[in-house]
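To keep things clear, I will list the structure first and then write my remarks on it.
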Amino acid sequence: DAFRSSLLTDITVFEQNQALLRNGNMNRRLAQSDIARTESYEGLAMLDAADSAWAAVKPIVNSIAVGATVTDTLKSIVELSDDAMEAMQKVQTYFSSTTRTTTMLALELLAPMPMTGSWAAGTTFRLAARLAEGIINQDQLLLPGYRLRHVIFDDKCDESVGSDIVVSAMAEKDTYVGIGGMGCDRVCRPISSLATSLRLPFMSYECSSPDFSDTLGYPALARMGTVTKTPMLTTVESLKGLHGWTKLFIVSGDPAFYQVQVERYTQDFQAMGFGVESLSAYESRWNDIKGIMASIKGRTKGL
């Protein structure tokens with residue numbers, strides 16, 4: 001494949017460039033393309049960190065280049081590549097600032113994300129955020145002269161942790177230009193109030209609760225998440241009329257965590273005339289989940 005062969009070439013070029021930054025290529029006949037050997041402690045430390053991060057990712061990238069299935073290694077790439085990308089960005093920033101007359105000004109976004117917790121979608125947010133900021137910084141079309149950077153923290157999908165992150169981070173450094181990230185509704189609510197008080201723009205990467213559409217209650221909140229509840233209920237009601245559905249099963253994760261949501265949906269569906277049965281299984285118990293789905297399949301006739 002062209003992609004796999006180009007990947008091997010990219011690996012070689014990257015490692016050659018890293019070695020060039022470290023060792024330089026200057027000789028007695030000077031030229032415009034000459035690169036001086038890195039001798040500063042700070043520069044060498046950053047190159048060492050970048051090489052260490054790359055060493056962790058390289059075996060996975062190599063395996064893809066020689067034929068491994070991408071889906072089998074995608075999770076590992078996502079988990080390891082963030083450290084590597086951050087290390088490379090530090091190297092890029094350091095060397096560009098020491099060789100340019102004018103250094104690009106950094107614009108930092110405070111970005112609490114649910115890396116762990118009840119809804120750990122933060123790894124996906126982080127990957128998309130790093131990709132977007134890389135394109136913006138490289139093309140220099142949206143923010144010419146500036147360098148965008150997400151400063152990412154794990155809010156654990158917990159409102160108290162998320163609030164503490166914002167308060168602590170702003171107390172330590174008040175140069176953040178905005179707050180971005182967050183995916184859990186319970187975290188967005190208090191941080192929206194904090195953003196209003198701090199007079200910072202606030203962009204959630206999910207937080208799809210319908211009540212966030214109230215611009216008076218949440219004036220600082222903008223979000224990328226799609227409000228799903230009302231359209232979903234309308235769709236289910238239409239399907240009920242088309243197929244004569246009389247009963248619905250609501251399947252949730254941890255019952256203690258999702259109980260309130262299950263009760264709300266149960267009331268909504270019952271108001272449509274459905275018989276409703278709720279079932280739950282902990283997200284980590286795969287066999288229990290399969291058992292629930294097998295039970296539902298055995299008790300329904302399908303369309």
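The values are calculated or read from the model by the stated rules, or taken from the named source; none is laboratory data. All of these numbers come straight from a predicted model, not from anything done at the bench. A quick note on method: Cβ atoms are made from the backbone with ideal geometry, for glycine too, and the neighbour counts reach across all protein chains shown. Areas reflect the complete protein model, heavy atoms only, side chains present, ligands, DNA and RNA absent. Shrake-Rupley method; radii C 1.70, N 1.55, O 1.52, S 1.80 Å.
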inquiry  = Can you tell me which residue is farthest from the chain's Cα centre (by Cα) among those in region 257-302 that are of a type in the set (A, V, I, L, M, F, W, C), open to solvent by less than 80 Å² (accessible area, probe 1.4 Å) and over 24 Å from Glu237 (Cβ atoms)?
reply    = Ala294
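Which of the residues that make up region 9-27 are aliphatic (A, V, I, L, M) and modelled with pLDDT under 85?
Initially, region 9-27 is screened for residues aliphatic (A, V, I, L, M), giving 11, 13, 19-21, 26.
Correct list: Met26 only.
So which residues in region 182-213 are of a type in the set (S, T, N, Q) and either touching a residue at least 60 places away in the same chain (Cβ under 8 Å) or surrounded by fewer than 16 Cβ atoms within 10 Å (Cβ to Cβ) (or both), if there are any at all?
Restricting attention to region 182-213, the residues satisfying the condition of being of a type in the set (S, T, N, Q) are 192-193, 196-197, 204, 208-209, 213.
Hits for region 182-213 are Thr196, Ser197, Ser213.
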task = For residues that are without any contact (Cβ under 8 Å) to a residue 60 or more places away in the chain and either in contact with a Ser or Thr (Cβ under 6 Å, 6 or more places away or on another chain) or open to solvent by less than 40 Å² (accessible area, probe 1.4 Å) (or both), scanning just region 116-133, find the one that is nearest to Met88 (Cα to Cα).
result = Arg130
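So, in region 172-190, exactly how many residues are of a type in the set (Asp, Glu) and part of a loop (DSSP other than H, G, I, E, B)? Give the steps one after another, and end with the answer.
First, the residues of region 172-190 that are of a type in the set (Asp, Glu): 172, 174, 185.
When the remaining residues are screened for being part of a loop (DSSP other than H, G, I, E, B), the result is 174.
Matching residues across region 172-190 total 1.
With the condition kept exactly as written, say whether any residue in region 277-295 is of a type in the set (A, V, I, L, M, F, W, C), closer than 18 Å to Thr246 by Cα and without any contact (Cβ under 8 Å) to a residue 12 or more places away in the chain. Step through it out loud before you land on a result.
Within region 277-295, the subset of a type in the set (A, V, I, L, M, F, W, C) is 279, 281, 286, 289, 292-294.
Remaining after also requiring closer than 18 Å to Thr246 by Cα: 279.
Now drop any that are not without any contact (Cβ under 8 Å) to a residue 12 or more places away in the chain, which leaves none.
No, region 277-295 contains no residue that is of a type in the set (A, V, I, L, M, F, W, C), closer than 18 Å to Thr246 by Cα and without any contact (Cβ under 8 Å) to a residue 12 or more places away in the chain.
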message = Being open to solvent by less than 50 Å² (accessible area, probe 1.4 Å) and either closer than 30 Å to Ile179 by Cα or polar (S, T, N, Q) (or both) is the requirement here; does Ala220 meet it?
response = yes
Hits in region 138-171 - residues which are free of Cβ contacts under 8 Å to residues at least 12 places away in the same chain and part of a loop (DSSP other than H, G, I, E, B) = Gln140, Leu141, Leu142, Pro144
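Any residue in region 223-246 that is under 25 Å from Leu127 (Cα atoms), in contact with a strand residue (DSSP E or B) (Cβ under 6 Å, 6 or more places away or on another chain) and modelled with pLDDT of 90 or more?
Step one: of region 223-246, the residues under 25 Å from Leu127 (Cα atoms) are 223-228.
Now narrow it down to the ones that are in contact with a strand residue (DSSP E or B) (Cβ under 6 Å, 6 or more places away or on another chain): 223.
Cutting the leftovers down to modelled with pLDDT of 90 or more gives us 223.
Checking region 223-246: at least one residue is under 25 Å from Leu127 (Cα atoms), in contact with a strand residue (DSSP E or B) (Cβ under 6 Å, 6 or more places away or on another chain) and modelled with pLDDT of 90 or more.
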request  = Kindly check whether there is at least one residue in region 142-157 that is open to solvent by 50 Å² or more (accessible area, probe 1.4 Å), among the charged types (D, E, K, R) and either more than 20 Å from the chain's Cα centre (by Cα) or over 17 Å from Leu107 (Cβ atoms) (or both).
outcome  = yes
ask   = Residues in region 121-137: is at least one assigned to a loop (DSSP other than H, G, I, E, B) and either at pLDDT below 95 or farther than 30 Å from Thr230 by Cβ (or both)?
value = yes
